[in-house]
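Undergrad: Can you keep this structure in mind? I'll have questions shortly.
The values are calculated or read from the model by the stated rules, or taken from the named source; none is laboratory data. Since we're looking at a predicted model, the values are computed, not measured. Backbone-built Cβ (ideal geometry, glycine too); neighbour counts: all protein chains shown. For the accessible areas, the whole protein counts, side chains as well, though only heavy atoms, and no ligand, DNA or RNA atoms are used. Shrake-Rupley method; radii C 1.70, N 1.55, O 1.52, S 1.80 Å.
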Amino acid sequence: MRTLAAALLLAAALASAPARAGDATGAYAPYEDLLEVLGDLTWHLRDDLYRFPPPKDPTGHDVYRLALSRLEHWEKRYPGRLRDVVGYARAEALERLGEYAKAADGYGQVAVEGSPLADQARTARERAGAFAQAAALPEEGPDVNATLGALRRKLDAWGRLVERWTGTPYETAALVEEERLERTAAMVVARNRRILEDGNLTAEHALRFLVQKHADSRNLPDHILRLGDLYADVARDYVEQHERPLAFDEDEFVQRADRALDMYRKVAAWDGAREKPEAQGRFAAFDAYKTSVLARYR
Amino acid sequence: MRAALLLALLALPAHADDLVGEAASADAAIEERVRLVLGHRLEGKFEVLDADVASFAALDDERRARGLSPTGLTDDVRYLAAGLAFTRDAQRDALRAVLDAHPDPIVRKCAEHRLEVDDAARADQLLADDRHNRRAGVVNDFVRPLGIFSGGALLAALNPFLLAGSAIDSVATTAINLWHYGRLSRQEREALVHYRTLLEREPDTGDAPEIARAIRQLGTKRAAAVCDDTVAAGRRAFEAHDLDHAAFYLLDAHRLDGCGKKAERLLARTDEARARRAAEEEAGRWPVDDAPSPRLTELEDYRAVLVATAAGTPSGMIEAASHFLERHDGSRFAPSARYARAIGRDLAGHHEEARDALAVVARDKSSVGRHVASLLASPDFDRVAAIDEAERRHRRDVVRYVFLGGRVDGRTAVYNAAQLGAAGVQAAESIGIFNVIGVATRAWQAWRHDPVSNQTIIDRGEELLAREPSSPHAADVHARLADAYERAGNYGRALMHYHATPDPSPKRIAALEAKLADRMLDDAGHAGSGNRTLLEAIVRHFGETKAADKARKRLHDMPGTGETVIARDVLDANPALLGPGALDLDPRLLDGDRTNGELADAGVTLADGELRLTLYNVPGPGQHVETRSLSPDVYARARGAAEEALYARLLTAVRKDTDTGRYERYMPFFIQGTVGDDGVAVYPGVKMRRDQSEDRELYE
């Protein structure tokens, strides 16, 4: 019996054995001290994720995801060791990654332990819980109007959270969610523009609103690209609807196509924007389409 | 057959107009014959039309015999009949017969165009040009190194070894050219498409067996080229450590017919590298197997540092870490505590102190020391230092370009090796390093146009300004970005950043504005319908620049929307336009005598129901515009006649290359002088044939 137990223990140990560091060096080397992981995470807890992209470590990985993964591996490798600290930090990483319900759970576990972090964990649990409630609201309905209504309600909930946390590092997380929902709503309108009354105009207004409201966002170039896509789709629709040579009006088409190209060009010339190469590609692709259409009808 | 009919139908409207136009001046009998011909054409009767050709030829002979001018319609009927030929081969024969009969310029142009646009003819021409250019390239590259004034030859006067070096260079270059001689060219790609299109359209043509053979040959070559290109793209990505792209290209190559073996080895290496990377990344996510535990004496203090760090309060972090370091300075956890304290200081806004503290930690040999060292080395950490580094790299690359030329590729390496092999150390003089002329040329080029990308400097600078717009370094970064953008030729952004510097010099602003206006003027030259907007913008925003003067002139000369401009030389060439059925102008306006009124070069403009004549002033210098209102039907007739004349002019215009001299086509050779990376060279060569494909980019 004892032999069997020893064998089972050995098998379990082997099964859960961590990957060896091997000869990994530098930024890829395994860490010795938990402070190394906590330090990186803490350094970026106040980062403005609304205006700037998530921070990266020297190997190019997202700091929050890497910290979460490292903390989870610590728990596996050294179960129970520094549990409150690891649990709290794990919840912080989850919160930054938008997993509010899991973060609230994590904070809750630390709050009930006799840890110096318990008070702070209770406050964090309350905050993450409120975020989780808003995040749990549905985003879809059986039809377009119901979907837009659901998005409206969810946006209201996030709007209240933005107000509640204005001026704190958590405001940016709420802004990120609000922006995501507004973009989703705009894309729902854009996708359904053919069945909505004045669909093209409504979609354009929705995307323009997004561009104007989130002028400070890190996703601004992406919003402009989406607006360009809408204009490009409208230009393609025009060609489809006026396929016969005598129905096709070059000026009408050029006017529509140039609006798309203007948008793409804005981002294609935007130094430092991560969407720049994508915009350059889209500009080239749509410009080629425009040239080909004009050549077809000349 | 269907294609031939289509061709003829397409050709019909324009030439029906011609026929009617020419017939209008002939008698009623001729007009009746024209009507019959058109009827036969619409019925699609080739044989009957063929008879019409003979009939018109006979009529012309008869009119000539009677001392009358011929109808001038035989060539038109012949062209019309050619459009109805049943097969491609018959149609080409008929079109050649049209050309042999010396038709009028419009018919000649149309017939020539029909022959030229034949897919097989285009493909044959492309392949012939390609063969010629390959041979000419080999010969020219063989002769060029022996150019009588090249750097090598001048130095050869002092050192005969170098002459041998030039000869070896010539032979080596020729060997490389011959090695690449069979490479698939753009012209071959295009020819393959034309051959395929033709066989799909006209599978029964007499040229089918020959075309099928060419398709097989070019198809095999193309498949090999696609394989080589895909493997090469994979290799480039692999060498740049871009394993994801390498895997994409190599897998793609592996799936291509007959390409699997070529991609196999590199694909295996990519797989290995990806597995190694995954293992490394996985390793970095785990703690070491025997993570050290704090000693009992330091446990509480260490835990306090951890708790403060997890809580993320800067003051708490500084206090707990300082307390730990005071009591356990020799602990193996001291570097971690210093790291936590540095982060606390940074979060508290003491960035300089934090940076110094991190530099201390980075010198430590511990795990945290290595980690901090890699953090400090990343551009995200110190953005000003990252700009410094990007500028240093840029300067270094420019200097390298000036002294060593562009990147050393395989060809240059063989070239250099050949020279060194022939002349030993002395050859160094001719391989560019000490070639004073080459260095001076490249320095001049570098001064005129930055040969190295400024993008990294720009990206780093823009990122700093986006993240820290009120940083104390912002003004300096604006100035550096203005320089980088100016070097990169983006004068608009350069101007914007220069305006944001503390004391911008009006002189430099004016210089940047002038450059921006020049660039916009260049763009306006190619922008098609958008050029008016650009020209107006130059005048509006940069009114004081020289480019603005040019823009004003171009705007003045530009026809307005909906205007039809008939220049004087068009009227000279088409006197029929002066008649009452067209513009109804007095012929004396073109007789060269200014006293009775004379049209200026600008000619006449039809717009908004009016005829505007640009006339020389009498007496005195200058011109004035005289406007005549036309009734709607007169205006429509005038405009129709004018547009017809302009179209005929466009159709028959000789498309001559402006760079080609009058007798140049009779000279198969050229003598060229170049000032390049390798100094001054004057050498003869075989002329290359110009690539005249209209859809070049479709076959690149």
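For (1) open to solvent by 30 Å² or more (accessible area, probe 1.4 Å); (2) under 21 Å from the mean Cα position of the chain (by Cα); (3) in the same structural domain as residue A:120 (by TED's automatic domain parsing), each residue gets a yes or a no:
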{"position": "A:33", "(1), (2), (3)": "no, no, yes"}
{"position": "A:38", "(1), (2), (3)": "no, no, yes"}
{"position": "A:44", "(1), (2), (3)": "yes, yes, yes"}
{"position": "A:51", "(1), (2), (3)": "yes, yes, yes"}
{"position": "A:55", "(1), (2), (3)": "no, yes, yes"}
{"position": "A:63", "(1), (2), (3)": "no, yes, yes"}
{"position": "A:70", "(1), (2), (3)": "no, no, yes"}
{"position": "A:78", "(1), (2), (3)": "no, no, yes"}
{"position": "A:90", "(1), (2), (3)": "yes, yes, yes"}
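Undergrad: When you go through B:481, B:512 one by one, which is the residue that is crowded, with 17+ Cβ neighbours inside 10 Å, modelled with pLDDT of 90 or more and farther than 25 Å from residue B:535 by Cα? Reasoning before the result, please.
TA: Numbers: B:512 fails: farther than 25 Å from residue B:535 by Cα.
Step by step, each of B:481, B:512 is checked, and only B:481 is crowded, with 17+ Cβ neighbours inside 10 Å, modelled with pLDDT of 90 or more and farther than 25 Å from residue B:535 by Cα.
Undergrad: Same structure again: Taking region A:266-282 as the region of interest, how many residues are part of a helix (DSSP H, G or I), within 12 Å of chain B (Cβ to nearest Cβ) and among the basic types (Lys, Arg)?
TA: 1
Undergrad: Tell me which residues, restricted to region B:601-629, are touching a residue at least 24 places away in the same chain (Cβ under 8 Å), crowded, with 17+ Cβ neighbours inside 10 Å and on the phi < 0 side of the Ramachandran plot.
TA: B:602, B:604, B:605, B:606, B:607, B:611, B:613, B:615, listed by residue number.
Undergrad: Next question. Can you tell me which residues in region A:93-118 are open to solvent by less than 10 Å² (accessible area, probe 1.4 Å) and within 8 Å of another protein chain (Cβ to nearest Cβ)?
TA: A:117
Undergrad: Away from chain A (no Cβ under 13 Å), under 58 Å from the mean Cα position of the chain (by Cα), loosely packed, with under 14 Cβ neighbours inside 10 Å and not in a loop (DSSP other than H, G, I, E, B): does that describe residue B:214?
TA: no
Undergrad: Would you mind telling me which numbered condition in (1) within 8 Å of chain A (Cβ to nearest Cβ); (2) of a type outside the set (Ser, Thr, Tyr); (3) in contact with a helix residue (DSSP H, G or I) (Cβ under 8 Å, 6 or more places away or on another chain) residue B:381 fails?
TA: All conditions are met except number (1).
Undergrad: Given the conditions (1) at pLDDT 80 or above; (2) farther than 29 Å from residue A:59 by Cα; (3) not small (Gly, Ala, Ser), and given that residue B:426 satisfies all but one, which numbered condition is not satisfied?
TA: Here residue B:426 meets the rest and fails (1).
Undergrad: Among (1) touching a residue at least 60 places away in the same chain (Cβ under 8 Å); (2) over 22 Å from the mean Cα position of the chain (by Cα), there is one condition residue A:177 misses while meeting the rest; what is its number?
TA: So the condition that residue A:177 fails would be (2).
Undergrad: Run residue B:673 past the list (1) open to solvent by 80 Å² or more (accessible area, probe 1.4 Å); (2) at pLDDT below 80; (3) small (Gly, Ala, Ser) and report the number of the one that doesn't hold.
TA: Of the numbered conditions (1) open to solvent by 80 Å² or more (accessible area, probe 1.4 Å); (2) at pLDDT below 80; (3) small (Gly, Ala, Ser), the odd one out for residue B:673 is (1).
Undergrad: Considering each of A:251, A:222, A:229 in turn, give the residue that is in contact with a helix residue (DSSP H, G or I) (Cβ under 9 Å, 6 or more places away or on another chain) and over 30 Å from residue A:135 (Cα atoms).
TA: A:251
Undergrad: Take the residues of region B:282-328 that are open to solvent by less than 30 Å² (accessible area, probe 1.4 Å) and polar (S, T, N, Q): which is farthest from the other protein chains (Cβ to nearest Cβ)?
TA: Residue satisfying both the conditions and the ranking: B:322.
Undergrad: Another question about this same structure. From the list B:383, B:370, exactly one residue is within 48 Å of the chain's Cα centre (by Cα), crowded, with 16+ Cβ neighbours inside 10 Å, more than 26 Å from residue B:488 (Cβ to Cβ) and basic (Lys, Arg). Which is it?
TA: B:370 is the lone residue from the list that is within 48 Å of the chain's Cα centre (by Cα), crowded, with 16+ Cβ neighbours inside 10 Å, more than 26 Å from residue B:488 (Cβ to Cβ) and basic (Lys, Arg).
Undergrad: Looking only at region A:168-198, which residues are open to solvent by 50 Å² or more (accessible area, probe 1.4 Å) and not in a helix (DSSP H, G or I)?
TA: Result: A:194, A:195, A:197, A:198.
Undergrad: Something else now. Of the residues A:196, A:230, which single one is modelled with pLDDT of 95 or more and hydrophobic (A, V, I, L, M, F, W, C)?
TA: Values: A:196 fails: modelled with pLDDT of 95 or more.
That would be A:230, the only listed residue that is modelled with pLDDT of 95 or more and hydrophobic (A, V, I, L, M, F, W, C).
Undergrad: Another question about this same structure. So how many residues does region B:289-334 have that are part of a helix (DSSP H, G or I) and in contact with a Lys or Arg (Cβ under 8 Å, 6 or more places away or on another chain)?
TA: Total meeting the criteria: 8.
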